[in-house]
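The values are calculated or read from the model by the stated rules, or taken from the named source; none is laboratory data. Note that the coordinates shown come from a computational prediction; the quantities given were computed from them, not determined experimentally. A quick note on method: Cβ atoms are made from the backbone with ideal geometry, for glycine too, and the neighbour counts reach across all protein chains shown.
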Ligand SMILES: [Zn+2]
C-alpha cells in the first residue's frame with residue numbers, strides 16, 4: 001500500500017465539511033469501489049486528493065487507453081481496473097465482438113467488466129431494436145462468457161426514483177423503474193455463477209425499496225452492492241435512519257464503499273464534498289446536516305440533509321475495505 005501523502009493542508013478543506021480525517025470513527029484505509037479514470041494528466045491530482053480522505057485502493061473504471069496505461073505503470077498497487085463493454089454492440093444484440101472482448105479482458109490487465117444501462121442510454125444509441133431488453137435470451141451468451149472467464153461485472157441498471165420523476169417521464173422510451181429493475185432481476189436469476197457488483201445500492205437506496213433489495217441479496221449470493229453516489233445514499237438513507245442502519249448491518253458483508261468520482265473532475269471541493277458526505281452518513285450520528293454540495297434533484301424542493309447512521313466499527317471495516325479486498329484482492333497482487 002502506498003503511504004498516505006499529505007499534499008494538502010487541512011486548511012484547504014472548507015470548515016463546513018466539519019470533521020477532519022483523523023477524527024473519523026474509522027481510521028483504516030478506504031477502498032473506493034467505484035471511480036472513473038480518464039486521461040493520464042488527471043490521475044495525480046485525483047490520487048493526491050483521495051489520499052487526503054484515506055483512500056488507499058480503488059476500482060478504476062477506464063475511459064481512456066492512455067489513462068489506463070499510465071495508471072497501471074505509475075500506480076501499480078492502487079487500482080483494480082474495470083473495462084467497459086461496448087454498449088452499442090450490446091444494444092444491437094451484436095454479441096460476438098462483446099464475447100471476444102470478454103475473453104481477452106483479463107489478459108489486458110483488467111479485473112472486471114462494466115456495463116451501463118442508466119435509462120438515458122437510449123438517448124445515446126441509435127436504432128435500438130424495438131423492445132430491447134437486458135434480459136433478452138439473445139444476450140445470454142454474453143453473461144455465459146463472463147461466467148466462463150470468471151470475470152465479474154459492474155452492471156448499472158435503472159436510476160434513483162427522482163430521475164424517473166424528473167428525467168424519465170416518457171415510460172414508452174425509458175420504461176418504468178419497476179420494468180428496469182425486473183429485467184435486471186431476471187438476469188440475476190438466470191446467471192447465478194456470474195459475480196455482479198450492482199452499483200448505487202442496486203438503484204434502490206430509497207427506504208421503500210430496501211425490502212426488495214434485501215430479497216435480491218438473500219436470493220442471489222453472487223451479488224454485491226456499492227454505495228455510489230454520495231448524494232443518492234445520503235438523500236435516501238437519511239430518511240429513515242433505523243431502517244437504513246438495520247439494512248447496512250444485516251448485509252454488511254455485501255456492501256462496498258464507492259463514490260462514482262471522476263478523475264477529470266478532480267478538484268478538492270468536488271471530491272471532498274462526496275467523501276465527507278459518506279463519512280458523515282456512515283460514521284456519525286449527526287442530524288439534519290445539509291449536503292455539502294448541491295443536489296440537483298432536491299434543490300427546488302427543500303434540499304438534501306444527512307442523518308448519520310453511526311455504524312459499528314466492525315461494519316465500517318467491511319464497508320470501507322474488507323469486502324472489496326475479498327471480492328477483488330489487493331490491487332497489484
Ligand atoms: Zn459510475
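Key figures
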{"read-out": "Scope segment 25-45; condition modelled with pLDDT under 95, surrounded by 20 or more Cβ atoms within 10 Å (Cβ to Cβ) and more than 16 Å from the ligand (Cβ to nearest atom); matching residues", "value": "43"}
{"read-out": "Unique residue being in contact (Cβ under 8 Å) with a residue 12 or more places away in the chain, surrounded by fewer than 21 Cβ atoms within 10 Å (Cβ to Cβ) and not in a helix (DSSP H, G or I) when the list is 69, 77, 48", "value": "77"}
{"read-out": "Failed condition for residue 189, given (1) under 27 Å from residue 271 (Cβ atoms); (2) in a helix (DSSP H, G or I)", "value": "(1)"}
{"read-out": "Scope segment 255-272; condition surrounded by 19 or more Cβ atoms within 10 Å (Cβ to Cβ) and touching a strand residue (DSSP E or B) at 6+ places or on another chain (Cβ under 7 Å); matching residues", "value": "255, 256, 257, 258, 259, 260, 261, 263, 271"}
{"read-out": "Candidates 279, 231 - the one that is part of a helix (DSSP H, G or I) and within 16 Å of the ligand (Cβ to nearest atom)", "value": "231"}
{"read-out": "Pairs with Cβ under 7 Å, 6+ apart, first in segment 183-202 and more than 13 Å from residue 217 (Cβ to Cβ) and within 15 Å of the ligand (Cβ to nearest atom), second part of a helix (DSSP H, G or I) and at pLDDT 95 or above", "value": "200/232"}
